[in-house]
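Peer 1: Take this structure first; my questions come after.
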């Protein structure tokens, strides 16, 4: 496969079976990898049982690092200081390119959680898990291929990021 656009050096590409071969929509998200006391900060949907690294969409005019700081705070209630981007994972599904930029974060304080309506509906809560435990959960991404394509893709993406960045 040839390069599919302007990416950071070392960008990882994940191409879904349903990719149309071109995209006309792009969404960029910034995600925090926050470790404290050998535990990884996660967003957990209590209704769906789904795990994810905290993060979300880049708003117009927003700096990527500011996006990561804002998203981690909104989803988890933790203020963080973040590194420069350490990894980009680009996903291609149907006619979409999903750009995911990862940042290491360090907790500097706490603030109030501010969830979207959807996040409230799925019962999103912050959780701390040992990295090996969450990597094991994400490693089962293929088991969702027949039942939940969104979770399969998200778990593959998070598994790829964590194994590359944490050396596990």
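Peer 1: Restricting the search to region 149-168, which residues are more than 20 Å from residue 18 (Cα to Cα) and either in a helix (DSSP H, G or I) or modelled with pLDDT of 95 or more (or both)? Show your work before the answer.
Peer 2: Pass one, region 149-168, residues more than 20 Å from residue 18 (Cα to Cα): 159, 161-168.
Correct list: 159, 161, 162, 163, 164, 165, 166.
Peer 1: Something else about it: Can you tell me which residue is surrounded by the most Cβ atoms within 10 Å (Cβ to Cβ) among those in region 103-114 that are in contact with a helix residue (DSSP H, G or I) (Cβ under 8 Å, 6 or more places away or on another chain) and outside any strand (DSSP E or B)?
Peer 2: To start, the set of residues in region 103-114 that are in contact with a helix residue (DSSP H, G or I) (Cβ under 8 Å, 6 or more places away or on another chain) comprises 103-105, 111, 113-114.
Applying the additional criterion that residues be outside any strand (DSSP E or B) yields 111, 113-114.
Values: 111: 12, 113: 16, 114: 11.
The extreme case among them is 113.
Peer 1: I'd like to verify a number: residues in region 123-154 that are surrounded by 18 or more Cβ atoms within 10 Å (Cβ to Cβ), closer than 15 Å to residue 49 by Cα and in contact (Cβ under 8 Å) with a residue 60 or more places away in the chain, how many?
Peer 2: Matching residues across region 123-154 total 5.
Peer 1: I need the full set of residues from region 11-24 which are part of a loop (DSSP other than H, G, I, E, B), farther than 22 Å from residue 84 by Cβ and touching a residue at least 24 places away in the same chain (Cβ under 8 Å), in order please. Before the answer, list the steps.
Peer 2: Going residue by residue through region 11-24, those that are part of a loop (DSSP other than H, G, I, E, B) are 11, 16-24.
Retained after the next criterion (residues that are farther than 22 Å from residue 84 by Cβ): 16-24.
Passing the criteria: 16, 18, 19, 20, 22, 23, 24.
Peer 1: Please tell me if residue 123 is within 30 Å of residue 20 (Cβ to Cβ) and out of contact with any helix residue (DSSP H, G or I) (no Cβ under 6 Å at 6 or more places or on another chain). Walk me through it before giving the result.
Peer 2: Working: within 30 Å of residue 20 (Cβ to Cβ): no; out of contact with any helix residue (DSSP H, G or I) (no Cβ under 6 Å at 6 or more places or on another chain): yes.
Considered against the rule, which asks whether it is within 30 Å of residue 20 (Cβ to Cβ) and out of contact with any helix residue (DSSP H, G or I) (no Cβ under 6 Å at 6 or more places or on another chain), residue 123 comes out as no.
Peer 1: While we're looking at this one, here's another question. Within region 14-30, is even one residue under 21 Å from residue 113 (Cα atoms), in contact with a helix residue (DSSP H, G or I) (Cβ under 9 Å, 6 or more places away or on another chain) and modelled with pLDDT of 95 or more? Give the steps one after another, and end with the answer.
Peer 2: Step one: list which residues in region 14-30 are under 21 Å from residue 113 (Cα atoms), which gives 29-30.
Filter again for in contact with a helix residue (DSSP H, G or I) (Cβ under 9 Å, 6 or more places away or on another chain), leaving 29-30.
Next cut, modelled with pLDDT of 95 or more only: 29-30.
Looking through region 14-30, at least one residue is under 21 Å from residue 113 (Cα atoms), in contact with a helix residue (DSSP H, G or I) (Cβ under 9 Å, 6 or more places away or on another chain) and modelled with pLDDT of 95 or more.
Peer 1: Within region 136-148, identify whether any single residue is within 17 Å of the chain's Cα centre (by Cα), in a helix (DSSP H, G or I) and over 23 Å from residue 93 (Cβ atoms), and answer yes or no.
Peer 2: yes
Peer 1: Which ones in region 126-135 are out of contact with any helix residue (DSSP H, G or I) (no Cβ under 6 Å at 6 or more places or on another chain), in a helix (DSSP H, G or I) and under 23 Å from residue 77 (Cα atoms)?
Peer 2: Quick first cut of region 126-135, residues out of contact with any helix residue (DSSP H, G or I) (no Cβ under 6 Å at 6 or more places or on another chain) only: 127-130, 132-134.
The next check asks that each one be in a helix (DSSP H, G or I); those that pass are 132-134.
133, 134, listed by residue number.
The values are calculated or read from the model by the stated rules, or taken from the named source; none is laboratory data. It should be emphasised that the depicted structure is a prediction, and the values quoted were computed from it without experimental measurement. Note: ideal-geometry Cβ built from the backbone for every residue, glycine included; neighbour counts use all protein chains shown.
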